[in-house]
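To start, the structure itself, in structure tokens.
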Amino acid sequence: MDFIQINVQCDAPFGEILTAEMGELGFTSFVETELGFEAYIEEEEFSHPAVQTLFNNYRKQTRIWYELKKIPKVNWNEEWEKNYDPINVDDKIYVRATFHESKPAFDYEIVINPKMSFGTGHHETTHQMLALQYDIDHKDKSLIDIGSGTGILAIMGAKLGAKSVAATDVDEWCIENSQDNFDLNEVKPEFIKKGTIHQLALTETYDIVLANINTNVLLEEIPEYVKILNSKGHLFLSGFYETDLPQVNALVLEHGLVEVKHTTRKNWVAIVYQKVS
Ligand SMILES: C[S@@+](CC[C@H](N)C(=O)[O-])C[C@H]1O[C@@H](n2cnc3c(N)ncnc32)[C@H](O)[C@@H]1O
């Protein structure tokens, strides 16, 4: 049985939707690429009518581009592991999968079982969020990671000394995957809850709020993030392009926060603000 390899290019918000839809239909081994992601499916499964219907819909979308390639059957796990590299963030943080060797020379090491969730450190947004977190004191702080994906940012927070970490995501798979990764890193979260910040109606407040999602969600939810942020607390945001920075900045500053620092990589921004009042 051969495999079909798909290489998808799309805007970030689509990536999450597409990987979720394709995962349900049997695509596997999702790997982020510079402009989207790659995934695989057995040839027989690819001809299933549900998959064909999905692709007929994608063909009509102008913001999704994909290429299909037939490749011979291989031991898929082995191949995937061979091509899945660990991440080095500024020679300080090492993000690896369970099948990579540990590198104790780094200040912090995070082990991620990426399954199908976003947040392996390969994406520019995650990479920059980790680097920004490294520079902000987390010791004895309470933290919430909104849109946790693999849970990587909350895990980083725990390793940096946060006294409590909580996580939320809208995707059931990410909730399970975050729990797996918390276990792998021996981090005990306060909670991992499914839902948007509106649905969850959180009552606690936090010293650190992290949200690496996308422009639309951030613009809609920033006022809620500010509400659950303690005075002098830090708000970390990513998941948007440089072109959207003025709009994000205006909204956050309007809510009484000041910018501490931002970085950009390949047009993706990550930024940290502090609540001054
Ligand atoms: C770009 S990924 C970030 C994952 C991880 N935090 C990281 O930094 O790599 C965004 C995550 O947010 C989740 N998400 C999307 N909309 C959301 C919302 N309104 N509230 C909470 N999570 C959301 C997605 O399911 C996805 O796991």
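Observations
- Among all positions in segment 119-139, there is no residue which is charged (D, E, K, R), touching an Asp or Glu at 6+ places or on another chain (Cβ under 6 Å) and modelled with pLDDT of 95 or more.
- Some residue of segment 206-227 being away from the ligand (no atom under 12 Å from the Cβ) and either in contact with a Cys (Cβ under 8 Å, 6 or more places away or on another chain) or assigned to a loop (DSSP other than H, G, I, E, B) (or both): no
- Checking each residue in segment 177-205 for being in a helix (DSSP H, G or I) and hydroxyl-bearing (Ser, Thr, Tyr) picks out only 178.
- Residue, surrounded by the fewest Cβ atoms within 10 Å (Cβ to Cβ), within segment 195-205, restricted to residues that are polar (S, T, N, Q) and more than 8 Å from the ligand (Cβ to nearest atom): 203
- Among the residues of segment 92-105, the ones that are out of contact with any Asp or Glu (no Cβ under 7 Å at 6 or more places or on another chain) and surrounded by fewer than 18 Cβ atoms within 10 Å (Cβ to Cβ) come to 6 in all.
- Condition check for residue 116: assigned to a loop (DSSP other than H, G, I, E, B), of a type in the set (A, V, I, L, M) and either within 14 Å of the ligand (Cβ to nearest atom) or modelled with pLDDT of 90 or more (or both): yes
- Residue within segment 71-91 that is touching an Asp or Glu at 6+ places or on another chain (Cβ under 8 Å), polar (S, T, N, Q), surrounded by fewer than 20 Cβ atoms within 10 Å (Cβ to Cβ) and modelled with pLDDT under 95 present: no
- Residue in segment 22-44 that is in contact with a Cys (Cβ under 7 Å, 6 or more places away or on another chain) and surrounded by 12 or more Cβ atoms within 10 Å (Cβ to Cβ) present: yes
- Filter result (farther than 30 Å from residue 266 by Cα and either among the acidic types (Asp, Glu) or part of a strand (DSSP E or B) (or both)) within segment 36-67: 42, 43, 44, 45
The rows are residues; the columns are (1) more than 17 Å from the chain's Cα centre (by Cα); (2) outside the structural domain of residue 155 (by TED's automatic domain parsing); (3) more than 14 Å from residue 270 (Cβ to Cβ).
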{"site": "180", "(1), (2), (3)": "no, no, yes"}
{"site": "197", "(1), (2), (3)": "no, no, yes"}
{"site": "204", "(1), (2), (3)": "yes, no, yes"}
{"site": "210", "(1), (2), (3)": "no, no, no"}
{"site": "217", "(1), (2), (3)": "no, no, yes"}
{"site": "225", "(1), (2), (3)": "yes, no, yes"}
{"site": "236", "(1), (2), (3)": "no, no, no"}
{"site": "243", "(1), (2), (3)": "yes, no, yes"}
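- Of all residues in segment 259-273, those satisfying the criterion of being farther than 17 Å from residue 223 by Cβ, in contact with a strand residue (DSSP E or B) (Cβ under 9 Å, 6 or more places away or on another chain) and assigned to a strand (DSSP E or B) are 259, 260, 261, 262, 263, 264, 268, 269, 270, 272.
- In segment 145-175, residue surrounded by the fewest Cβ atoms within 10 Å (Cβ to Cβ) [restricted to those that are over 14 Å from the mean Cα position of the chain (by Cα) and either in contact (Cβ under 8 Å) with a residue 40 or more places away in the chain or part of a loop (DSSP other than H, G, I, E, B) (or both)]: 161
The values are calculated or read from the model by the stated rules, or taken from the named source; none is laboratory data. Since the structure is predicted, the reported quantities are computational estimates derived from the model, not experimental observations. Every residue, glycine among them, receives a Cβ derived from its backbone with ideal geometry; neighbour counts consider all protein chains shown.
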